[in-house]
Amino acid sequence: MGFMKALRCRECSREYPIEPVYVCEFCFGPLEVVYDYDAIKKALSREVITGRRKNLWRYRELLPIDGEPQAGLDSGFSPLVKAENLAEVLGVRELYIKDDTVMHPTLSFKDRVVSVALTKALEFGFDTVACASTGNLAHSVSALGARSGLNRFVFIPATLEQSKIVASIVYGPNLVAVDGNYDDVNRLCSEIANKYKWAFVNINIRPYYAEGSKTMGFEILEQLGWKAPGNVVIPCASGSLLTKIWKSFKEFKMLGLIDSLDTKVFAAQAAGCSPIAAAIKAGVEVIRPVKPDTIAKSLAIGNPADGFYATAAVKESGGWGEHVSDQEIIDAIKLLASTEGIFAETAGGVTLASAKKLIESGRIDRDSSTVVCITGNGLKTQEALAGHTGRVHHIKPNLASFEDVMKSIGR
Ligand SMILES: *Cc1c(COP(=O)(O)O)cnc(C)c1O
Ligand SMILES: [Zn+2]
C-alpha cells in the first residue's frame, strides 16, 4: 500500500481522490500529491534506504504508487561526481556534477518521471500512454512504454533534431510530428487528452509523473552523506524538475533524513527561451510567455506550466536565475567534456554555463558546495556541436603524414 492521502489543489487546497486528474475544477490550479508523512516517517529511515537496490525506487514511500514499481526498475542512482578539474577552472572550492547522462535506458532524467508515470498508468488500468515532448520525454515514453507492453502516442514539434526523431521511432510508437513549437503541441495534446481515454504522462498523469523528479534530489542528499549542498543549479523547461528537487529537499528535512537545509536553488535557462529566469531577474511573479529560439530544444518551453512555482521556490531558497547564449551553451558542453569526461546535451550546457555566470557574478559563493544537475546525454544532440569542435587530423597511412601532424601541433 502506498502513502498517498489525496491530490490537493496548489491554489485553493481543495482535495481530490487519487485519480487521473490534474487541474482543480474550482480554480483551475494544478493538483499535487499529498502524503501521510507521519506514516512515512515510521516506515523510512537511512538504513531502510541504503539496504535497497540502487535505483530510483529506493525512495518508493515518497513516490505516488500503491503497489510494486512496474517500470524503470534499473533506472536512477546516477553518479554524483566530485568535479575537481572543473572546480579549479571555475574557481570554486567544492563542486559536484549530478550526472543523469547515464544510468537511464534513454540517457536522460526523463526516465525518472516516466518510470513513475507508467507505473501509475498501469495501476489506473490504462492500456495506452501518450505525451507532448520536446524530445527526451518522447524517447522515454517510447522506450519504457515498449517494455511495459503499452500502446504509445508520442507528439513532438516537427522541427526536432533528426537524431532525436530516430531515437524515438526505433521503439515503435505512433510518433506524431506537429507543425508548430512545443507550446502548440502541448495545446493540441490537452484537446486530445479530453477526447481519448489515454494516460498522457505530462497532462492527466502529471501530478504523479512530476513526483518522479524528486528522486534526483533524494539521490543528491544521500550521495552527499545525508547532507544538503550550499547551492544547486537546475535547468528549467516547464519548471517542474526545479520545483520537485526543492520539494525533495524539504521532505528529507521534514522526515529527519537530513539534519539541516540551507540550500540556494538556481534556475538555468537559455537566453532564447528564458521566461522563468527573466521573471526571477525582474523580481516579478507573472511569467511572460516567449517564442523559443535556442539550440537547447529540450528546454524550449515558452509558456512553462510550473514557471510560477519554480520562481517561488528559487525565491524561497534565496537563489537566483540565469540565462545563457547559444555560444555559451556550446562552450560549456566542451568545458564539461574536456575537464570531467562527461558529454552533456544542450540542456547540460545551459546548466553549467549558467552556474559559471552565477559564480562570476557572486550569486554563488565560491566557498560553499555546489551541485550542477546535468540532465541528458550529449550523444542525443550532436548536431549542436557541428562546426564548433576541434579539427580532426586527416592523414595518409604513412609515418611521414603522421609526423606532419606532430609538427603542426608543436610536439
Ligand atoms: C525535460 C528536461 C528538463 C527539465 O524539464 P522541466 O519541464 O523543467 O521539468 C531538463 N533537462 C532535460 C534534458 C530535459 O529533457
Ligand atoms: Zn483549486
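Quick look at the numbers
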quantity	calculated
Where I205 falls short, out of the listed (1) within 14 Å of the chain's Cα centre (by Cα); (2) over 18 Å from S368 (Cα atoms); (3) not acidic (D, E)	(1)
Residue match in segment 74-93 (condition: in contact with a helix residue (DSSP H, G or I) (Cβ under 8 Å, 6 or more places away or on another chain), modelled with pLDDT of 95 or more, away from ligand 1 (no atom under 16 Å from the Cβ) and more than 30 Å from E360 (Cβ to Cβ))	yes
Close pairs from segment 35-51: first at positive phi, partner in a helix (DSSP H, G or I) and of a type in the set (S, T, N, Q), Cβ under 7 Å, at least 6 apart	none
Residue match in segment 221-239 (condition: surrounded by 21 or more Cβ atoms within 10 Å (Cβ to Cβ) and of a type in the set (F, W, Y))	no
Residues of segment 286-342 satisfying the condition of being within 14 Å of ligand 1 (Cβ to nearest atom), touching a strand residue (DSSP E or B) at 6+ places or on another chain (Cβ under 9 Å), part of a loop (DSSP other than H, G, I, E, B) and over 20 Å from I245 (Cβ atoms)	P292, T294, I295, A300, G302
Of the criteria (1) within 17 Å of the chain's Cα centre (by Cα); (2) more than 21 Å from Y209 (Cα to Cα), which one R46 fails	(1)
Every residue from segment 7-23 that is within 25 Å of the chain's Cα centre (by Cα) and either part of a helix (DSSP H, G or I) or away from ligand 1 (no atom under 16 Å from the Cβ) (or both)	L7, R8, C9, E11, I18, E19, P20, V21, V23
Pairs where the first residue, in segment 285-313, is more than 16 Å from ligand 2 (Cβ to nearest atom) and the second is among the charged types (D, E, K, R), C-beta under 6 Å, 6+ apart	I295/D326; G302/D183; G302/K291; N303/D183
Some residue of segment 180-200 being closer than 20 Å to E123 by Cα and under 19 Å from the mean Cα position of the chain (by Cα)	yes
Flag for A71 being crowded, with 16+ Cβ neighbours inside 10 Å, more than 30 Å from A146 (Cα to Cα), in contact with a Lys or Arg (Cβ under 9 Å, 6 or more places away or on another chain) and aliphatic (A, V, I, L, M)	no
Pick from segment 32-79, criterion β-branched (V, I, T) and in a helix (DSSP H, G or I), ranking: nearest to ligand 2 (Cβ to nearest atom)	I40
Identity of the residue in segment 243-264, β-branched (V, I, T) and under 22 Å from the mean Cα position of the chain (by Cα), that ends up nearest to W320 (Cα to Cα)	T263
Of residues in segment 1-31 being of a type in the set (D, E) and within 11 Å of ligand 2 (Cβ to nearest atom), the one surrounded by the most Cβ atoms within 10 Å (Cβ to Cβ)	E11
Residue list for segment 194-215, restricted to those being at pLDDT 95 or above, part of a helix (DSSP H, G or I) and more than 16 Å from ligand 1 (Cβ to nearest atom)	K195
Every residue from segment 168-183 that is at pLDDT below 95 and either out of contact with any Pro (no Cβ under 7 Å at 6 or more places or on another chain) or β-branched (V, I, T) (or both)	D183
Residues located in segment 117-167, provided they are hydroxyl-bearing (S, T, Y) and in a helix (DSSP H, G or I)	T119, S140, S142, S163
Where a residue in segment 8-32 is of a type in the set (S, T, Y) and its partner, wherever it lies, is away from ligand 1 (no atom under 16 Å from the Cβ), with Cβ under 7 Å and at least six apart	Y16/A6; Y16/L7; Y16/L31; Y22/L31; Y22/N204
Matching residues in segment 307-362 - criterion: being surrounded by fewer than 24 Cβ atoms within 10 Å (Cβ to Cβ), within 17 Å of the chain's Cα centre (by Cα) and either at pLDDT below 95 or of a type in the set (G, A, S) (or both)	A313
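The values are calculated or read from the model by the stated rules, or taken from the named source; none is laboratory data. Just so we're clear, the structure is a prediction, and the values are computed from it rather than from any experiment. Don't worry about glycine lacking a Cβ; one is built from the backbone with ideal geometry, like all the others, and counts go over all protein chains shown.
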